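Data block below; observations after.
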Amino acid sequence: MYVTAPTLDDLLRRVFERLLKSSNHIKPTKGPATELMGVLLKIANPRARLSRTETKGTLFSCLGELLWYLARTNDVRFISYYIPDYKKYSDDGKAVYGAYGPRLFKKGGHNQVAKVVRILRKKPHSRQAVIQLFDAVDIDSDHKHVPCTCTLQFMVRRSRLYMLTNMRSNDAFLGLPHDVFAFTMLQEIIARMLSIELGTYKHVVGSLHLYEKDRERAQRYLDEGWQSTVPMPAMPLGDPWHSILTLLDAEARIRSGRRLNIRKLNLSRYWADFVYLLQIFRYSKNGRTDKIAHLTRRISTNIYNTYIEKRRSKRPVTAVAPEQLPPAVN
């Protein structure tokens, strides 16, 4: 089955419609589901990677998961700060066995992202620019979390970077939006390292499924109707890694409650926006919604406003002393 769409929301609507009508029922470990086998998904504009709907408009968990990958860590405390359910997928309560970060950047002592860039700089039309995430040893013993992603392939054609992700399994409701966000961001990072523009994004799935427990929410998503398409801003030109490392340091400080002065970070508006978003997430988790409006005004684009408003309406999940929170700094 081939499903193509200009944006993530257009893609999700077509996928959910098919899965809700599917008569292929399976009973995997995580519960009964309907399934589509051997699916190819395509997004024409990879920057339109965020859902604009009330049901699936998730930004902060997507951003947190991306930064977890880029930080090259399997620390369950890091990711559970953004996605608490990850705690269930740790074998020892400390690490996530199938975490993508170490596999992307430290697999067998190899930085696979750097190797892909070297290959494509030397031979732009190479078909060997492939990152492997799922490994043969992953099924030698039981783990609570094994990678659903098998490979990420990058191809330069017509001076654009195209990406093909191969998944053995994909939860259409919870997993697919997060995967599209993280992988298209990685696609854009590598494109900037190569000084070229983005091509299309394709996503191949062996088992694309919708769990029974999510059917009502998927239907509610469809019932919301059409949403305007607003892609994220383009990543600044040039190698992004200095900005990424600065962002990761800021993320660690905000998550741990240390003080932060954004003006001293010397980040472009694109990357500084993410720092403001991380501060907003921290304040919303701790019920400090009075700080959010000020931070929102500092963000250079209004496309994140809908996600910020959703965070402002959430109840706090923890409570800490005000002095432990990072201040809102210009």
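The values are calculated or read from the model by the stated rules, or taken from the named source; none is laboratory data. For clarity, every value in this text was computed on a predicted model and none was experimentally measured. Every residue, glycine among them, receives a Cβ derived from its backbone with ideal geometry; neighbour counts consider all protein chains shown.
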(Q) Taking the conditions exactly as written (more than 23 Å from the chain's Cα centre (by Cα), more than 26 Å from ALA44 (Cβ to Cβ) and not basic (Lys, Arg)), does ALA250 satisfy them or not? (A) no
Q: Give the range 231-279 a look and list any residue that's in a loop (DSSP other than H, G, I, E, B), in contact (Cβ under 8 Å) with a residue 24 or more places away in the chain and surrounded by fewer than 16 Cβ atoms within 10 Å (Cβ to Cβ), or say none.
A: PRO231, PRO233, ALA234, PRO236, LEU237, GLY238, ASP239, GLY257, ARG258, ARG259, ASN261, SER268
Q | Any hit, the range 37-60, residues being assigned to a helix (DSSP H, G or I), within 20 Å of the chain's Cα centre (by Cα) and closer than 30 Å to ASP273 by Cα | A | yes
Q. Just to be sure, is TYR211 closer than 17 Å to ASN45 by Cα, modelled with pLDDT of 95 or more and of a type in the set (Phe, Trp, Tyr)?
A. no
Q | Condition broken by LEU66, with the remaining ones in (1) in contact (Cβ under 8 Å) with a residue 60 or more places away in the chain; (2) not in a helix (DSSP H, G or I) satisfied | A | (2)
Q. Considering SER141, SER207, which residue is in contact (Cβ under 8 Å) with a residue 60 or more places away in the chain, over 19 Å from the mean Cα position of the chain (by Cα) and over 21 Å from GLY238 (Cβ atoms)?
A. SER207
Q: Inspect all residues belonging to the range 155-172 and state whether any of them is at pLDDT 95 or above and touching a His at 6+ places or on another chain (Cβ under 6 Å).
A: yes
Q: Kindly indicate whether LEU161 is assigned to a strand (DSSP E or B) and surrounded by fewer than 22 Cβ atoms within 10 Å (Cβ to Cβ).
A: no
Q) Could you say whether any residue in the range 54-63 is more than 30 Å from GLU224 (Cα to Cα) and not β-branched (Val, Ile, Thr)? A) no
(Q) Kindly evaluate GLY225 against the criterion of being part of a strand (DSSP E or B), surrounded by fewer than 18 Cβ atoms within 10 Å (Cβ to Cβ) and out of contact with any His (no Cβ under 6 Å at 6 or more places or on another chain). (A) no
Q: Return yes or no: is LYS291 within 18 Å of ILE83 (Cα to Cα) and over 18 Å from the mean Cα position of the chain (by Cα)?
A: no
Q | Residues located in the range 68-82, provided they are under 24 Å from GLN132 (Cα atoms) and in contact with a Ser or Thr (Cβ under 7 Å, 6 or more places away or on another chain) | A | VAL76
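Residue-wise test of (1) basic (Lys, Arg); (2) within 26 Å of MET235 (Cβ to Cβ); (3) not in a helix (DSSP H, G or I).
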{"site": "ASN166", "(1), (2), (3)": "no, yes, yes"}
{"site": "GLU188", "(1), (2), (3)": "no, yes, no"}
{"site": "TYR201", "(1), (2), (3)": "no, yes, yes"}
{"site": "LYS213", "(1), (2), (3)": "yes, no, no"}
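Matching residues to (1) crowded, with 23+ Cβ neighbours inside 10 Å; (2) within 18 Å of TYR69 (Cα to Cα):
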| position | (1), (2) |
| --- | --- |
| ASP179 | no, yes |
| GLU188 | no, yes |
| ILE196 | no, no |
| HIS209 | yes, no |
**Q.** All positions within the range 48-74 that are buried (at least 20 other Cβ atoms within 10 Å of the Cβ) and among the basic types (Lys, Arg)
**A.** ARG49, LYS56
